[in-house]
Amino acid sequence: MRITLNGTSAIGPADLPALIDHARTAAADGFDTWWLAQTGLVETLTVFAVIGREVPCITLGTAVVPTFTRHPTALAGQALSTAALIGDPSRLVLGIGLSHKPAVEDRYGLVFERPVRHLLDYLDILQPMLETGRVDHHGTVWSTTMEANRPCATAPSVMVAALGPQLLRIAGRRTDGTLLWMVGPRTVAEHIAPVINAAAAEAGRPAPRIVASLPVCVTDDVTGARAAAAAAFANYGQLPSYRAMLDREGVAGPAEAALIGNAAEVEDRLGAIADAGATEFSAVEFTRNPDEAAATRALLVRLNRR
């Protein structure tokens, strides 16, 4: 299992220089991929266009861009433009996801309905636009007839944040894999990996990427770190899709799912995730002081290099 880094925790108050520095140190420490979520007003693909030039040796992945707020042709254009500016489309992974009903309806004022049909229509437009610049799709949720010149001739890899069985089957049949959050080893082994791997095999596609992601903290103060994690990640225990994964795992909440402990304990839990079938672990470094930050990064570097 590869170890990569997720820079979302480095955002702070929309601190773009901090994000660039985080990606730069990730590359210097030997990590080959750096992930970033589309959150708030930090526009991930725009950030990638800059990082791709300043940090030329690292792959950049969106984890994830919500689909409800962006027409698939607009996202295709932005992704191709970013890939062109980076200079190597293989260095861009376009991870997309439905987001959640509370965010879509309460924050954006949109209607969260027919999510499976929404995703199928979205891919029916997004992928042809990325691959050929042409699409003629008349769907239930999204429809487009369009032909345009592409700023980049090679499409980036597409992945889907999928947790439920229907979305996992779509991800396996149609994309390069899935991006997970708040999913532990039992759930990967018993639910995620079997469903997505079977779907990919039935479609004649290569084995999909399964990118697990959890908060990580190497610390001697486990009680304090878990209390901090419980406060920081409480919202994820309330969103239905994540709550379902936590319940499958048999944990009370995000703090129990997080990888918190001394170096040996965190290493053991990462080993369990690898044994469960994850192909990659994207670490969200959740630390409270320089000592924890240094210990956490040191463990991740060591495991990545072995």
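This table checks each residue for (1) of a type outside the set (D, E, K, R); (2) in a helix (DSSP H, G or I); (3) at pLDDT 90 or above; (4) under 23 Å from Ala155 (Cβ atoms).
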site	(1), (2), (3), (4)
Ile3	yes, no, yes, no
His22	yes, yes, yes, no
Leu45	yes, yes, yes, yes
Phe48	yes, yes, yes, yes
Gly61	yes, no, yes, yes
Arg70	no, no, yes, yes
Ser81	yes, yes, yes, yes
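For the range 255-290, how many residues meet the condition of being charged (D, E, K, R), in contact (Cβ under 8 Å) with a residue 60 or more places away in the chain and farther than 19 Å from Glu190 by Cα? Let's see the steps before the verdict.
Filtering the range 255-290 for residues charged (D, E, K, R) gives 256, 265, 267-269, 275, 280, 285, 288.
Checking which are in contact (Cβ under 8 Å) with a residue 60 or more places away in the chain leaves us with 269, 275, 280, 285, 288.
Remaining after also requiring farther than 19 Å from Glu190 by Cα: 285, 288.
Residues flagged as charged (D, E, K, R), in contact (Cβ under 8 Å) with a residue 60 or more places away in the chain and farther than 19 Å from Glu190 by Cα within the range 255-290 amount to 2.
Scan Ser157, Ser143 and give me the residue that is over 18 Å from the mean Cα position of the chain (by Cα) and not aromatic (Phe, Trp, Tyr).
Answer to the check: Ser143.
Within the range 160-168, is even one residue of a type outside the set (Lys, Arg), at pLDDT 95 or above, under 18 Å from Tyr242 (Cα atoms) and part of a strand (DSSP E or B)?
yes
Considering each of Val216, Val211, Val251, Val183 in turn, give the residue that is among the β-branched types (Val, Ile, Thr), farther than 23 Å from Trp34 by Cα, in contact (Cβ under 8 Å) with a residue 12 or more places away in the chain and not in a helix (DSSP H, G or I). Step through it out loud before you land on a result.
On the way: Val216 fails: farther than 23 Å from Trp34 by Cα; Val211 fails: farther than 23 Å from Trp34 by Cα; Val183 fails: farther than 23 Å from Trp34 by Cα.
The unique qualifying residue is Val251.
Checking Ala103 against (1) in a helix (DSSP H, G or I); (2) under 26 Å from Ala23 (Cβ atoms); (3) touching a residue at least 60 places away in the same chain (Cβ under 8 Å), only one condition comes out false. Which one?
(3)
What number of residues within the range 207-249 satisfy the criterion of being under 17 Å from Ser282 (Cβ atoms) and charged (D, E, K, R)?
Here the count works out to 1.
The values are calculated or read from the model by the stated rules, or taken from the named source; none is laboratory data. It should be emphasised that the depicted structure is a prediction, and the values quoted were computed from it without experimental measurement. Quick reminder, even Gly has a Cβ in these numbers, built from the backbone with ideal geometry, and neighbours come from all protein chains shown.
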